[in-house]
Each structure stands twice: as C-alpha cells, then as structure tokens.
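Below is one structure, written out as structure tokens; the observations come after it.
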Number of protein chains: 2
Amino acid sequence: MEKYRRNERMSVTLKLLSDEPNRLFTLSHFCELFGTAKSSMSEDLDILRKLVSSFDLGEIETITGASGGIIYRPRISMTESLSYIEKLSRSLSGTSRVLPGGFLYTSDILADPIATQKMGRILASAYYDTFPDFVLTMETKGIPVALTTAHALGVPLVIARHTSKAYEGSAVNINYVSGSSGSIQTMSLARRAVQAGQQCLIVDDFLKGGGTAKGMVDLMKEFDVKVVGSAFVIETEVPAQKRVTNVRSLMTLAIDDNIEGEEGDLGYAVVRPSKWLKEAGL
Amino acid sequence: MEKYRRNERMSVTLKLLSDEPNRLFTLSHFCELFGTAKSSMSEDLDILRKLVSSFDLGEIETITGASGGIIYRPRISMTESLSYIEKLSRSLSGTSRVLPGGFLYTSDILADPIATQKMGRILASAYYDTFPDFVLTMETKGIPVALTTAHALGVPLVIARHTSKAYEGSAVNINYVSGSSGSIQTMSLARRAVQAGQQCLIVDDFLKGGGTAKGMVDLMKEFDVKVVGSAFVIETEVPAQKRVTNVRSLMTLAIDDNIEGEEGDLGYAVVRPSKWLKEAGL
C-alpha cells in the first residue's frame, strides 16, 4: 500500500515545484520523498500537468531521458496577463498619483509582494525561451519586481549600485548619462557578481529616456555578458525613441495636462497596457 | 458528480493559498471555484491541514463563524529553520568572503530568490503573533529579504530611501548617526507610504552598531507608527550593545584575525546561527 494518497502526493508536489520555479526536479526526488513507484508518480504528474494548465497556474514540463525530470514554470497566459495589467493600469491612472515634475507615485505597487509576484511571473513568461543566467537591476525601486522575475525564471538576481560600497569588494564602475536629468552618473557592480559568457535579462521599474538601461547594457559589456532583453514595469510614451532596443514593458504612461481636474492637480496620468502586451494578449 | 476530484481541488487550493500567505480566504471562494459543496471542501482542508504540517510546509488555520475562512502561513519549524541557517552559516564562513574593512560579501545570498524566500519565511514565522501592518526596510541590500518576509506575512513592504526622490512626492526626512562610520546621514520616506496608528516590523540585512535601525525606529515615531520588532539576516558580535532593542537575527558574524590563512587573506569570518535561533530550534 502507498504511504501517501494521490491527493497528498499531488498537493505537496505542486507546492514544492511552485516554490522553486524553472528548476529541474528528478522523478526520483518525488518517488523517494513519498516512497512511491515511478509509475504512480508519473500518473500524478500527468494529472497535475493538465490541472495547472486548466486553472492557468503555469505549466509543468516533463523531460524524458537520463538527465530528465520535471520543471514547473508559473507562466501566465497572455489573456490573463493583459486582464491583470488592465486592472493595474486603471488603478494607476488619474490625478491622485501625479507628482511635481510629471512623475507618478508607484512606490506602493512596486513594493507590494502580491503585485510584484504577478508582474514578475508575467515578465518571466516572456523570457523563458531566452535562457538568462541572471536578472540584473539597478537599485532601488525595481528590486522587488526584479526579484520576483528572477524567482519565476529560477535564476539569481544581481543588483547594480550607484556607488561602489565597501561591502561589495572590488567593483567595475561605469559612467552613464541619466536620461531624465542629463547628468553623468556612476553605476557599480562587484567584480565577483557575474561571470564572463553569461546571459542577462535586465529588469527595472521605469523606462523614460533609457539612460540607466543603456548604462546597464554597457556595464554588461564590461563583464562580457550578453543581454537577452530589457523588461520594465512602466515605459513613458515620451520620448518615443529610447536609448535601448529589445524592450518589453507592461504599461505605458503619459501625463496629460489638458484633462481638466480639481484645483491643484498636477496633471492626469494615462496608464495603459503596453502595445506588446495588448498584441500578445489578443 | 463533482466537477473536480479531491486530488485536483486539494492541489489547486494549496497552490492558491501558498501564493497569498496569511490572507483570509472564505470557504465559499473555493466552493465556487470548484463548484463543490462546503462539506467536501471542508474535508479537503482537513486533509491539507495535516499534510502541510507533516511535511513542514507551513500551517493552515481554519477560522469558524460568519467572518471565517482559511489562512495559510508558510511557517517553518524552528528545527528546520536552524538546520537551514546552519548550512547557510557554514557557506558564509571562511576567508573567501572577507573584504577590506572587516566586511563580508553577502550580496549574492541576499539577492538569491530561493535563499531569501526561505529566510523571509523563517523571519515571518517569528512575527505572526505581533500583527505588523507592513514591513519597513532601508535601501538597498535588505530589500529582497524584506520583500519575502512581507510576502509571508501578507503585508506590504515599505522602503525608506537615503534621499527624498522626486517620484516619491512629499516626504518626511530624519537624520541619524551611522553606526559604522559615525557620520550623519539622512533617511527619507514618502508621506503617503504609511498611516498613523499602524504597526511595523523592521527587516534589514545587517546589524552592526544599530544606527540605521535606530533611524528607522525614529522615522516610525515621526509617522506615529509602533515598531513591533526588528529582524536582521546577520548581526555582528561586536559591538555587543546595539542602539536598538527587541532584535532577532538569523546569524551572528565575527571576523577572527588570529586564524591563520593563506597570504593575502583579510581575516576569517565566523558565521553562526544566532542565539535566538539556537535556543528556539532545540
């Protein structure tokens, strides 16, 4: 007789797979954990595969052969992604979040564990086939969503800093032109943080001119690392021309000064799902 | 006949609970999702409750009554917590991570999605009964573990900055004395980030003198917010006296210059599970 019932094996398996997305687990791993036969475990996984797909909870891939096993990815369908981002866009639109200088208050959303988990899964879904070895972000506001994206991709997060800190050890510094202020800034990364020949996905919260993003691309050149893409939570509509290419954003932002609001309003934020997401989600 | 089998209902339920820890789900939520009767769903949850407990995957609490429901917490047993932190301590110990100035290279661990998920769950386990409304951290290195702790607690993360940024809006600034350098620094938090009367758990990566932590406590006073505790990944053994009280750390660090190593070594890092964890884990 089996030590655990199918419902118990399946529940625990999905929980463990979900805790470590995009990691290859061997079939034996679960067989040993439950003290069950490979045939039973394979059947469990067959049911789980159909189940996560029908509830849009991701995908389970079975890789056959000697180095085979099971991989779970919290891939979200583009329809569901678009629907979520549409809701988020509406909550960011309006006058209440517009700050002096045409900035948008997003600190709460960008540090919300559930929202960033969802955004990270949506962004990761678009990059599984590019096989990044790590996610790179620039401090500070993009760190949470970069972490959740890295988690969904099953890779480490690497954080570039404004200045090299004593507790990072020897570092590579580059200078870059900030898109918004036009001033020259420094970006720093510990030498031991990444290895030559690796592949990197850039993730950050906000893309305006693209100065910071271009800085990260240049920084990766110094490390001999290939950038497979750049992903952002929000991209401004203006300027249309960014300093980086191969970009995907979840939302676009325009501040409209012509929409009449209350006295003291600083403009009306128009936040929409990005063109990329809209096309992919249809 | 039921639309979904027990094994399917249980697997999806645990997955959804696990995605949103410490959130109250109503029983009806799952009954509607699966088109099943309350009696069946209650039985599912009874099995799940025993299951997550026996695999040390957390706890499921059922709250009865009109405003009742189900809450999942990824609480890790202290024995398992101690065992994990012992392994982590060993990997941080030695000469290879010691940097000039007696600092330890921890950027990789502190940005690793799996390690921070585990550390966040361990820290959260110690604070469920203090009911924080949010987790506060100071940029930059503590952000990932603060996010995973906040996720496990089911509360938002709030990030204090070194300077007030244009895109944060009006902010409260305080000055504090940095414990390590003795210099006066500024800490800033957007006025709309927290509300008076809330409760806050401070989470950060490193505690030495406690200057930054004390700064966060003072900052919360300005907002009329109660601090329920301060949690750190690593605490230095020296100085023994910190500027904050009510502290729990996962590990302690001492740099020993007397252990003989290779030429060029900057000291030997002795990292151990904290006294709190050792006592709780026995």
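The values are calculated or read from the model by the stated rules, or taken from the named source; none is laboratory data. All values derive from a computational prediction rather than experimental measurement. Because the Cβ atoms are built from the backbone with ideal geometry, glycine has one as well, and the counts that use them run over all protein chains shown.
Report yes if residue A:270 is surrounded by 16 or more Cβ atoms within 10 Å (Cβ to Cβ), part of a loop (DSSP other than H, G, I, E, B) and at pLDDT 95 or above, otherwise no. Taking the combined requirement at face value, the residue does not satisfy it.
When residue B:243 is tested against (1) within 22 Å of residue B:86 (Cβ to Cβ); (2) touching a helix residue (DSSP H, G or I) at 6+ places or on another chain (Cβ under 8 Å), exactly one condition is not met: (1).
Can you confirm whether the stretch B:17-25 contains a residue that is in contact (Cβ under 8 Å) with a residue 60 or more places away in the chain, under 21 Å from residue B:151 (Cβ atoms) and either touching a His at 6+ places or on another chain (Cβ under 6 Å) or facing another protein chain (nearest Cβ under 8 Å) (or both)? Checked against the condition, which is being in contact (Cβ under 8 Å) with a residue 60 or more places away in the chain, under 21 Å from residue B:151 (Cβ atoms) and either touching a His at 6+ places or on another chain (Cβ under 6 Å) or facing another protein chain (nearest Cβ under 8 Å) (or both), the stretch B:17-25 yields at least one hit. Just to be sure, is residue B:46 under 18 Å from residue A:17 (Cα atoms) and free of Cβ contacts under 8 Å to residues at least 60 places away in the same chain? No, not satisfied. For the stretch A:175-187, the set of residues classified as within 14 Å of chain B (Cβ to nearest Cβ), without any contact (Cβ under 8 Å) to a residue 60 or more places away in the chain and crowded, with 18+ Cβ neighbours inside 10 Å consists of A:187 only. When the stretch B:55-85 is filtered for residues that are at pLDDT 95 or above and polar (S, T, N, Q), the ones remaining, listed by number, are B:81, B:83. Kindly check whether there is at least one residue in the stretch A:104-115 that is at pLDDT 95 or above, closer than 21 Å to residue A:19 by Cα, within 8 Å of chain B (Cβ to nearest Cβ) and touching a His at 6+ places or on another chain (Cβ under 8 Å). The answer is yes; a qualifying residue exists. Only one of the numbered conditions (1) among the β-branched types (Val, Ile, Thr); (2) buried (at least 19 other Cβ atoms within 10 Å of the Cβ); (3) modelled with pLDDT under 95 is not met by residue A:95, and that is (2). In the set B:85, B:70, only one residue is of a type in the set (A, V, I, L, M), over 22 Å from residue B:237 (Cα atoms) and in contact (Cβ under 8 Å) with a residue 24 or more places away in the chain; that residue is B:70.
In the set (1) among the β-branched types (Val, Ile, Thr); (2) in a strand (DSSP E or B); (3) closer than 24 Å to residue A:147 by Cα, the condition left unmet by residue A:255 is number (3). Restricting attention to the stretch B:160-174, and to residues there that are free of Cβ contacts under 8 Å to residues at least 24 places away in the same chain and in a strand (DSSP E or B), which single residue is farthest from residue B:18 (Cα to Cα)? So, considering only residues that are free of Cβ contacts under 8 Å to residues at least 24 places away in the same chain and in a strand (DSSP E or B), the one farthest from residue B:18 (Cα to Cα) is B:173.
Scanning the stretch A:99-118 for residues that are of a type outside the set (Ser, Thr, Tyr) and closer than 21 Å to residue B:137 by Cα gives A:108, A:109, A:110, A:111, A:112, A:113, A:114, A:115, A:117.
Can you name the residue in the stretch B:137-147 that is in a helix (DSSP H, G or I) and facing chain A (nearest Cβ under 8 Å) and, of all such residues, is nearest to the chain's Cα centre (by Cα)? Among them, the one singled out is B:147. When B:38, B:87, B:50, B:118 are checked against the criterion of being exposed (fewer than 14 other Cβ atoms within 10 Å of the Cβ) and either of a type in the set (S, T, N, Q) or within 14 Å of chain A (Cβ to nearest Cβ) (or both), a single residue qualifies: B:50.
Residue-wise test of (1) farther than 20 Å from residue A:101 by Cα; (2) of a type in the set (A, V, I, L, M, F, W, C).
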{"residue": "A:225", "(1), (2)": "yes, yes"}
{"residue": "A:263", "(1), (2)": "no, no"}
{"residue": "A:274", "(1), (2)": "yes, no"}
{"residue": "A:278", "(1), (2)": "yes, no"}
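Checked against the criterion of being of a type in the set (Val, Ile, Thr), more than 24 Å from residue B:60 (Cα to Cα) and at pLDDT 95 or above, the stretch A:16-36 contains one or more residues that satisfy it.
For the stretch A:201-218, indicate whether the set of residues that are at positive phi, touching a strand residue (DSSP E or B) at 6+ places or on another chain (Cβ under 9 Å), away from every other protein chain (no Cβ under 14 Å) and not in a strand (DSSP E or B) is non-empty. Within the stretch A:201-218, one or more residues are at positive phi, touching a strand residue (DSSP E or B) at 6+ places or on another chain (Cβ under 9 Å), away from every other protein chain (no Cβ under 14 Å) and not in a strand (DSSP E or B). Under the condition of being modelled with pLDDT of 75 or more and part of a loop (DSSP other than H, G, I, E, B), the residues counted in the stretch A:273-282 number 1.
Residue A:197 meets all of the listed conditions (1) surrounded by fewer than 16 Cβ atoms within 10 Å (Cβ to Cβ); (2) within 11 Å of another protein chain (Cβ to nearest Cβ); (3) within 22 Å of the chain's Cα centre (by Cα) but one, namely (2). Assessment of the stretch B:24-31 against the conditions (β-branched (Val, Ile, Thr), under 26 Å from residue B:129 (Cβ atoms) and surrounded by 17 or more Cβ atoms within 10 Å (Cβ to Cβ)) yields no matching residue.
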